[in-house]
1. Å³ per residue of the Cα convex hull, for the chain?
2. Within 13 Å, Cβ to Cβ, of Asn46, how many net charges do the neighbouring residues add up to if Lys/Arg are +1 and Asp/Glu are -1?
3. Assign one of three labels to segment 181-221, namely rounded, prolate or oblate, based on the Cα gyration tensor with a ≥ b ≥ c the square roots of its eigenvalues; rounded applies when a/c is under 1.5, prolate when it is not and a/b is larger than b/c, and oblate otherwise.
4. Could you tell me the relative contact order of segment 151-221? Use alpha-carbon pairs under 8 Å, at least six residues apart, and round to a whole percent.
5. Give the percent of DSSP beta bridges with both residues in the chain that are antiparallel, rounded to the nearest 5.
6. What's the ranking of 114-124, 180-190 by average number of surrounding C-beta atoms within 10 Å, highest first?
7. Report relative contact order for segment 20-83 in percent, whole number only (criteria: Cα-Cα under 8 Å, sequence separation at least 6).
8. Enter the Cα centre distance for the pair segment 108-147 and segment 181-221, rounded to the nearest angstrom.
Amino acid sequence: MPDTIRAAIFDMDGTLVDNMHIHQEAWRRFLEGKGLPFDEAQYHRNNSGTITEIIPRFFPQATDPAEAYRLGMEKEAVYRDVYRGRVVALPGLVAFLDALRKAGIRIALATAADRGNIDFTLDELGIRDRFDALVGSEDVQRGKPHPDVYLRAAERLGEAPRHCLAFEDAHPGIRAALDTGMRVVGLATTHPRSELETYPLHALIDDYRMEDPISLLNIDT
């Protein structure tokens with residue numbers, strides 16, 4: 001018999017908010033401000049993992065971790081400047097989170113973002129109090145597609161991965177969550193449904209608008 005779902009663990013970018021185009025615009029401004037060209041194909045190839053994992057792909061000379069971190073924080077400051085005042089939750093998110101909490105489901109965030117972007121996003125949306133645990137890039141050594149961030153989130157909730165339902169929009173994150181043994185709900189925000197349907201997902205949704213949010217906790221599928 002399948003295990004009972006006791007916790008929900010959410011990615012942030014592309015999952016709480018549909019913002020990957022904002023990150024792309026921030027990278028364009030940041031790189032051009034450094035006198036470097038912005039190549040969209042290169043951006044999509046390189047933009048996965050924590051910011052300190054990403055930076056050396058754009059700046060091969062940034063071999064010193066402290067320099068990679070400094071550049072990464074500079075880029076994320078550009079992102080927040082671009083996005084401030086425009087942050088909107090995916091439709092139905094707040095009601096969905098409230099329904100989970102009412103049902104006794106504990107909630108965590110598991111993201112490759114740094115704490116500055118976590119605080120920025122949750123505070124702009126006004127939903128910090130819906131989360132029982134927050135896990136970001138500072139809390140793990142390896143970003144997605146490694147499973148570390150999801151394992152740490154489950155640990156902080158005090159739940160085994162088999163009792164957790166993960167919510168993800170992107171390939172690295174979906175693979176990371178599946179590798180822990182969690183069931184995964186895919187969000188068709190960053191990628192089309194046709195791409196996400198290749199994974200053994202628990203469910204695939206466009207946003208969180210639904211008559212019965214708790215129906216997603218059905219484990220008979």
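Every number here is computed from the coordinates shown, using simple stated rules; none is lab data. Everything quoted here is computed from the prediction, not taken from an experiment. Methodologically, a virtual Cβ is constructed for each residue, glycine included, from the backbone with ideal geometry; neighbour enumeration extends over all protein chains shown.
1. It comes to 113 Å³ per residue, whole-number rounded.
2. With Lys, Arg at +1 and Asp, Glu at -1, the neighbours total 0.
3. Values: a/c = 2.50, a/b = 1.22, b/c = 2.04.
It is oblate, given that a/c is not under 1.5 and a/b is not larger than b/c.
4. 24
5. 5
6. Numbers: 114-124: 17.6, 180-190: 22.2.
The peptides rank, most packed first, as 180-190, 114-124.
7. 43
8. About 20 Å separates the Cα centre of segment 108-147 from the one of segment 181-221.
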